[in-house]
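Okay, handing you the structure first.
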Amino acid sequence: MSETLKNFIGGQWVLPKKARLLEDRNPATGQLLARFPASAPIDAQTAIAAAKSAFPAWRATPAPKRGEILRKASQILEKRKEDLAQSLTREMGKVLVEARGDVQEAVDIGYYMAAEGRRQFGQTVPSELAHKFMMTVREPLGVVSLITPWNFPIAIPSWKMTAALILGNTVVLKPAEDTPICAARYVEVLEEAGIPPGVVNLILGQGATLGKTLVTHPDVSAISFTGSTATGKLINSQAAPLLKRVTLEMGGKNAILVMEDADLDLALDGIVWSAFGTSGQRCTAASRLIVHKKILAEVERRLVARAQKLRLGNGLDAKTDVGPVVNGQQLVRIHRYVQIGLKKDKARLLCGGSIARSGKLAQGFFYQPTVFTNVAPSMAIAQEEIFGPVVAILPVGSLEEAVEVANGTRYGLSSSIYTRDVNRAFYALRRLEAGLVYVNAGTIGAEVSTPFGGVKETGNGHREAGQAALDFFGEWKSIFIDYSGRLQRAQID
Ligand code: ADP
């Protein structure tokens, strides 16, 4: 039997009056998992009002106490990790080991930000004047809207949530339409850990209906968004005239560079994991392989052999390597790109290239792991984010060319180089235009304590996770204490 999910507003689980109910289905089986309300702008307004009224008390709560709640939430998440991971797999399809990783990220960032409750270091800085003391402290922003995608349905909300909360902000979370269960479970954990009413609010429904209110409402101070570049640009254009702070984490077209001196066993492991993990639906997935011509034939042969061995199936089955993609729309979109690759780009298809329909796979949204080669940098499949298990091989003749090709897209999230030569590694890691660079590892593997985000059309200059996240969710206040007992004039006396 499927459940009906509710909004969480001012500490109460509520169904909006007269709301149409939307369906949440398992992408591997088509099974109905839950219904959830298509909330209206008025519901978003109510959630924002609840967050606003909870703000004064929450900002006045000592940060270490706020941290205790986050720590408790992480303890609960740890205890519930397996259950949460299973329901995550059912809801968005990724294989269970990866779903456990998704939950683990929420555990880790919770502990990290809990500890920030006792740090949140400011600075004390010497003054140019005698008997004057200067220091800085972080202040919360107020109410922040968190708009999140489905591909890391617990991890991404937790990154934003914990950083916002530890600094004393109150929050309205609007999760993706494909993963309302994960969001509700995560908010239940926060509630159980003791988050006061109104500090965390959850509003379920469609981004297109709720977005404008969550972005432009006068009581919202900041918006933290992860999703497509098109939606990110729209949010930015709505927020800019209102001078609202916005952080955007958007698309990627991440490349792995494989040089002729690379350890190919290692590189193949990294490529398979980065290209086909989460069915290619990570913002950091590798969708381009930039391979030196000297080893091209070998990389092609070995990659195809590996890709063809990957077992598609329900992510709950321990034998499955690649789960479904998230929904029918994505499946169609992926296939459309593959058709462009074949017919317009005229790239050479090495394997895959079709929707998987055999046996039980027909019940869900499965795409065959797909490899193209002879891909030129200008082709659509080398430029556009496909967000599926599709990888394009671009042959190059030198390290310099490899870096140039890698940088030749409008995105800049993750990148990686396989080489045994430290000089080449440094050449690449200083020149690759990306927020994340890996040496001798795939494009996946970010951790909660380092800044996460990208350059060019991937982001707008902010970072999530680590100390950098605090810079987005807080405002610096500079404090000057003059204990000279007389007028002192900076820059003049
Ligand atoms: P994806 O392609 O990853 O689904 P989207 O950008 O469509 O990316 O969705 C990411 C998040 O943005 C989801 O929570 C979605 O509901 C929300 N969203 C979609 N359209 C809008 C909008 N116009 N304004 C605000 N949020 C939106």
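Considering only DSSP beta bridges with both partners in the chain, what is the antiparallel share in %, to the nearest 5? Spell out each step's value before the answer.
Values: 30 of 72 bridges.
The antiparallel proportion sits near 40 percent.
Looking only at Cα atoms, what is the convex hull volume of the stretch 21-86 per residue, in Å³?
Taking the convex hull of the Cα positions in the stretch 21-86, it is 108 Å³ per residue.
Enumerate the whole-percent occupancy of each 10 Å bin, from 0 to the last occupied one, for all C-alpha pair distances of the chain.
Percent of Cα pairs in each bin: 4, 19, 28, 25, 15, 7, 2, 1, 0.
Shifting gears a bit: Among 129-135, 43-49, how do they line up by average Cβ neighbours within 10 Å per residue, starting with the highest? Let's see the in-between values first.
On the way: 129-135: 13.9, 43-49: 22.9.
Going by the mean number of other Cβ atoms within 10 Å, highest first, we get 43-49, 129-135.
Can you give the extra length, in nm with one decimal, that the chain gains between GLU401 and LYS477 once fully stretched, where that is 0.36 nm per residue apart less the Cα-Cα distance? Numbers along the way, then the final one.
Values: separation 76, 0.36 × 76 = 27.36 nm, distance 4.61 nm.
Net length gain for the segment: 22.8 nm.
Right, here's the next one. Normalised by the empirical 2.2 N^0.38 Å for globular proteins, what value does the Cα Rg of the stretch 1-160 take?
On the way: Rg = 20.1 Å, N = 160, 2.2 N^0.38 = 15.1 Å.
That works out to 1.33 for the stretch 1-160.
Oh, and also: Ignoring ligands, DNA and RNA, what percent of the 1.4 Å accessible area of the chain is carbon and sulfur? Please report the intermediate quantities before stating the final value.
Details: 10600 of 20150 Å².
After summing per-atom areas, the C and S share lands at 53 percent.
Given the Cα-Cα distance of GLU298 and VAL14 and 0.36 nm per residue of separation, how much length would full extension add, in nm?
96.5 nm
Assign unit charges at the C-beta atoms only (+1 for Lys and Arg, -1 for Asp and Glu), then state the dipole size of the stretch 445-488 relative to its Cα centre in Debye, rounded to the nearest 20. Present the calculation step by step, with values, prior to reporting the outcome.
On the way: 4 positive and 6 negative charges, 38 e Å.
In debye, rounded to 20, the stretch 445-488 gives about 180.
Kirkwood Rh over alpha-carbon pairs of the stretch 52-123, then Stokes-Einstein at 10 °C and 1.306 mPa s: what D in µm² s⁻¹, rounded to an integer?
Numbers: Rh = 13.6 Å.
After rounding, the answer is 117 µm²/s.
A further question on this structure: Helix 81-92 versus the longest principal axis of the chain: what angle, 0 to 90°, nearest 10, using Cα atoms?
Once rounded, the angle reads 60 degrees.
Of the options ALA362, ALA441, PHE133, report the single residue whose Cα projects farthest towards the positive end of the charge dipole of the chain (beta-carbon charges: Lys, Arg +1; Asp, Glu -1).
Checking the options against the dipole of the chain, the answer is ALA362.
For the stretch 165-241 and the stretch 56-130, what is the centre-to-centre distance using only Cα atoms, to the nearest Å?
Centre-to-centre distance over Cα atoms comes out at 17 Å.
To continue, here is another question. Using only the heavy atoms of the protein chains and a 1.4 Å probe, how would ARG282, ARG71 rank by accessible area, largest first? Can you show the working numbers first?
Numbers: ARG282 30, ARG71 85 Å².
Most to least solvent-accessible, the answer reads ARG71, ARG282.
For the pairs LYS212/LYS233; LYS294/LYS344; LYS52/LYS160, flag any whose C-alpha to C-alpha distance is greater than 21 Å.
Correct reply: LYS294/LYS344.
Separate question: Return a whole-number percent for the relative contact order of the stretch 92-232, with Cα pairs under 8 Å and 6 or more residues apart as the contact set.
Working: 190 pairs, mean separation 36.9, N = 141.
It comes to 26 percent, rounded to a whole number.
How about the stretch 9-64: which trypsin sites (Lys or Arg not before Pro) there lie in a loop by DSSP and see at most 15 other Cβ atoms within 10 Å?
On the way: sites: LYS17, LYS18, ARG20, ARG25, ARG35, LYS52, ARG59; in loops: LYS17, LYS18, ARG20.
Sparse-neighbourhood loop trypsin sites (Lys or Arg not before Pro): LYS17, LYS18, ARG20.
Here's another thing I want to ask about it. Tell me the Kirkwood radius of the stretch 254-439: reciprocal of the mean inverse pair distance over distinct alpha-carbon atoms, in Å.
16.4 Å
DSSP beta bridges in the stretch 254-439, what fraction antiparallel, as a percent rounded to 5?
Around 20 percent antiparallel, to the nearest 5.
The values are calculated or read from the model by the stated rules, or taken from the named source; none is laboratory data. Predicted, not measured: the structure shown is a model, and the values here were computed from it. Positions of Cβ are generated from backbone atoms using ideal geometry, with glycine treated the same way; all protein chains shown enter the neighbour counts. Protein only, heavy atoms only, side chains kept; ligands, DNA and RNA dropped before computing areas. Shrake-Rupley method; radii C 1.70, N 1.55, O 1.52, S 1.80 Å.
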